[in-house]
1. Is there a residue in the range 455-470 that is among the charged types (D, E, K, R), surrounded by 11 or more Cβ atoms within 10 Å (Cβ to Cβ) and either touching a residue at least 60 places away in the same chain (Cβ under 8 Å) or assigned to a loop (DSSP other than H, G, I, E, B) (or both)?
2. Which condition from (1) among the polar types (S, T, N, Q); (2) at pLDDT 85 or above; (3) open to solvent by 50 Å² or more (accessible area, probe 1.4 Å) is the one that Asn307 breaks?
3. Evaluate the following for Leu619: is it farther than 20 Å from Ser394 by Cα and either open to solvent by less than 10 Å² (accessible area, probe 1.4 Å) or outside any strand (DSSP E or B) (or both)?
4. Tally the residues that are touching an Asp or Glu at 6+ places or on another chain (Cβ under 9 Å) and either in a strand (DSSP E or B) or not acidic (Asp, Glu) (or both), restricting the search to the range 559-583.
5. For the range 489-528, which positions are assigned to a loop (DSSP other than H, G, I, E, B), in contact (Cβ under 8 Å) with a residue 24 or more places away in the chain and farther than 27 Å from Ala559 by Cα?
6. Within the range 563-604, track down each residue that is touching a residue at least 60 places away in the same chain (Cβ under 8 Å), open to solvent by 10 Å² or more (accessible area, probe 1.4 Å) and within 10 Å of the chain's Cα centre (by Cα).
7. Go through Leu133, Leu161, Leu141 for me and flag whichever is closer than 18 Å to Lys216 by Cβ and in the same structural domain as Asp190 (by the TED database).
8. Within the range 504-550, how many residues are more than 21 Å from Val458 (Cα to Cα), open to solvent by less than 40 Å² (accessible area, probe 1.4 Å) and among the aliphatic types (A, V, I, L, M)?
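The values are calculated or read from the model by the stated rules, or taken from the named source; none is laboratory data. Just so you know, these numbers come straight off a predicted model, no measurement behind them. With ideal geometry, Cβ positions are generated from the backbone for all residues, glycine too; neighbour counts draw on all protein chains shown. Just the protein is used for accessible areas: all its heavy atoms, side chains included, with ligands, DNA and RNA removed. Shrake-Rupley method; radii C 1.70, N 1.55, O 1.52, S 1.80 Å.
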Amino acid sequence: DRQTLVAVLQFLRRSNLRESEEILRREARLLGDDLGGNVATVATSSPGVAAVAAVPPGKGEARGDCGVGPSSRREPREVRSPCAARSLGGSPLCWDTRVGAVVVEDQPDVSAVLSAYNQQGDPTLYEEYYSGLKHFIECSLDCHRAELSQLFYPLFVHMYLELVYNQHESEAKSFFERFHGDQECYYQDDLRILSSLTKKEHMKGNETMLDFRTSKFVLRISRDSYQLLKRHLQEKQNNQIWNIVQEHLYIDIFDGMPRSKQQIDAMVGSLAGEAKREANKAKVFFGLLKEPEFDVPLDDEDEEGENEEGKPKKKKPKKDNVGSKSKKQDPNAPPQNRIPLPELKDSDKLDKVMNMKEAARRVRLGPECLPSICFYTFLNAYQGLTAVDITDDSSMIVGGFADSTVRVWSVTPKKLRSVKTAADLSLIDKESDDVLERIMDEKTASELKILYGHSGPVYGTSFSPDRNYLLSCSEDGTVRLWSLQTFTCLVGYKGHNYPVWDTQFSPYGYYFVSGGHDRVARLWATDHYQPLRIFAGHLADVTCTRFHPNSNYIATGSADRTIRLWDVLNGNCVRIFTGHKGPIHSLAFSPNGRFLATGATDGRVLLWDIGHGLMVGELKGHTDTIYALRFSRDGEILASGSMDNTVRLWDAVKAFEDLETDDFTTATGHINLPENSQDLLLGTYMTKSTPVIHLHFTRRNLLLAAGAYSSQ
């Protein structure tokens with residue numbers, strides 16, 4: 001694109017980068033001195049390079065989203081060296097893409113990132129600038145005040161960092177002390193970290209600082225409020241603040257009514273502000289895959305049941321449940337072969353048949369019929385219980401411990417047995433009907449098996465759907481796959497260099513996901529020793545991971561206080577949900593795949609409509625971190641378990657009915673949450689002194705909960 005090229009050449013000339021300019025000319029065969037053309041026209045026709053083209057003379061660095069459009073997360077590095085420009089060469093067509101690759105790096109160079117703070121305003125006037133803006137916002141009309149107040153926090157942080165970077169330490173200290181009390185309470189943790197950055201040197205290695213600098217803080221503001229702000233800053237000629245707004249904030253402007261304080265408070269609080277509306281526009285196939293069909297044979301028990309009730313059970317009309325598997329293809333489901341899923345083995349089919357039989361006896365839950373709760377308390381867990389999982393058929397329970405062991409218990413009268421040794425196996429008649437029984441070694445039968453292998457606390461555990469395998473992830477940076485036939489470790493997956501906080505098997509087996517301190521989630525297949533996908537985008541640890549019921553998507557919760565939904569097929573992030581005020585620690589998809597529930601350290605459960613990308617509910621009641629969330633098998637009830645030693649049951653049907661998801665709401669994010677979530681609370685159940693770290697509904701809708709007794 002010739003115009004783009006001309007703009008870039010003009011920029012290089014203005015920045016006195018003659019050598020780079022020459023190289024680019026030669027590459028593009030622009031030998032004449034045809035640098036005419038107005039920069040402004042270029043800016044309008046090519047937004048990707050607008051920021052580069054419009055840099056004023058005298059600032060010798062490329063700032064803004066250089067060549068990658070407004071959605072870029074990373075700040076560019078300075079394009080100064082001739083070799084940098086040379087590597088961008090090639091035909092003029094490749095310019096845009098290569099700029100993206102070279103200038104915008106995944107791990108930003110700290111000094112380049114910080115150098116954007118070089119512009120010197122008068123340090124003594126910073127307090128005046130900020131308090132002037134504060135006065136203007138506080139005196140503006142109510143409808144604009146709530147929206148414009150969102151500016152306080154990001155501006156406060158950037159102005160403080162700018163003062164520190166330019167070594168005005170006393171001014172920075174006084175600025176912090178004067179204004180930090182005005183910030184919203186949910187930023188307290190961030191401000192505590194910020195207050196420890198008092199010298200330029202501190203900024204070099206600080207991750208939080210880098211996050212803030214490299215990701216644009218997103219604010220969603222109505223056009224009227226934005227015009228008001230712009231007018232004010234231009235009249236006052238308050239360039240310092242206007243520069244920060246343009247450089248470090250991404251203002252997502254929408255047409256329509258400004259949002260109220262409640263609407264804004266519900267959505268803000270994450271490390272990088274709200275999600276851009278664009279981020280939640282992609283189509284998501286949230287429907288369920290069609291279940292394979294096979295006949296359910298009647299066994300004796302069923303026949304007895306027929307005679308007692310005098311009518312055959314088989315003919316019972318199928319209840320039309322929220323989560324019932326329909327025989328018709330769900331219109332919102334992904335194509336059956338969108339991602340390759342493992343074939344069903346005979347044993348899987350048998351298990352599905354068992355599952356269907358159990359489902360026929362399932363208790364239909366609701367406000368009038370709450371589940372019984374069976375609590376597994378780990379006593380004397382001096383090793384420190386750090387993770388729990390229960391098999392889908394509720395026959396085994398696993399605990400991960402801080403002493404690096406993984407312990408598996410049988411919770412049915414059937415003991416856990418290992419397969420016999422190779423020598424003994426060779427003596428077995430392979431044709432006999434009970435060959436699967438014969439291969440088990442009775443001498444090894446016990447209620448508990450301990451698996452040794454990790455070298456640090458085990459933070460996540462997950463059983464495979466067929467109960468043949470178990471995953472565990474640990475502080476040692478590995479995920480291990482254990483066989484439940486031999487109770488030995490089969491594979492250690494090494495990919496994370498730091499603690500791995502969570503891991504989970506796909507509902508179809510074979511695939512699993514892990515997330516850790518390195519801020520990325522990884523998708524694995526059990527037979528590959530390297531990850532198939534790496535999901536990068538979170539600004540802090542990935543603390544929890546969950547597969548969507550159709551296995552085409554993965555949800556991740558993070559300490560950056562956002563939840564992201566990733567497409568397994570191409571690794572793209574298709575949803576970003578903001579609204580929690582603390583790190584996310586639990587995720588649960590509804591059985592029908594339409595909704596997601598999330599719990600965090602802020603003690604709130606938030607409900608999300610995946611298709612529309614909207615928050616549709618907020619459940620308040622817990623007073624501490626929520627570590628466990630689970631929907632009942634048909635999706636009528638949501639159970640939440642917390643560090644406040646309670647299990648709470650919520651009416652999920654009521655929470656999701658009559659949702660206002662019209663186009664306007666979807667377009668602007670004007671969500672209207674009910675004032676009071678207490679009428680959705682169906683029950684609160686206290687333990688004596690046991691934080692709840694896992695919940696599980698059995699196939700018949702009995703609720704199992706687990707946690708370790710704490711004596712304090």
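1. For the range 455-470, residues among the charged types (D, E, K, R), surrounded by 11 or more Cβ atoms within 10 Å (Cβ to Cβ) and either touching a residue at least 60 places away in the same chain (Cβ under 8 Å) or assigned to a loop (DSSP other than H, G, I, E, B) (or both): present.
2. So Asn307 meets the others, but not (2).
3. Criteria met by Leu619.
4. Residues that pass the stated criteria total 11.
5. Correct list: Tyr508, Gly509, Tyr510, Thr526.
6. Hits for the range 563-604 are Cys573, Ile576.
7. Going through Leu133, Leu161, Leu141 in turn, the sole match is Leu161.
8. Adding up the residues that qualify gives 1.
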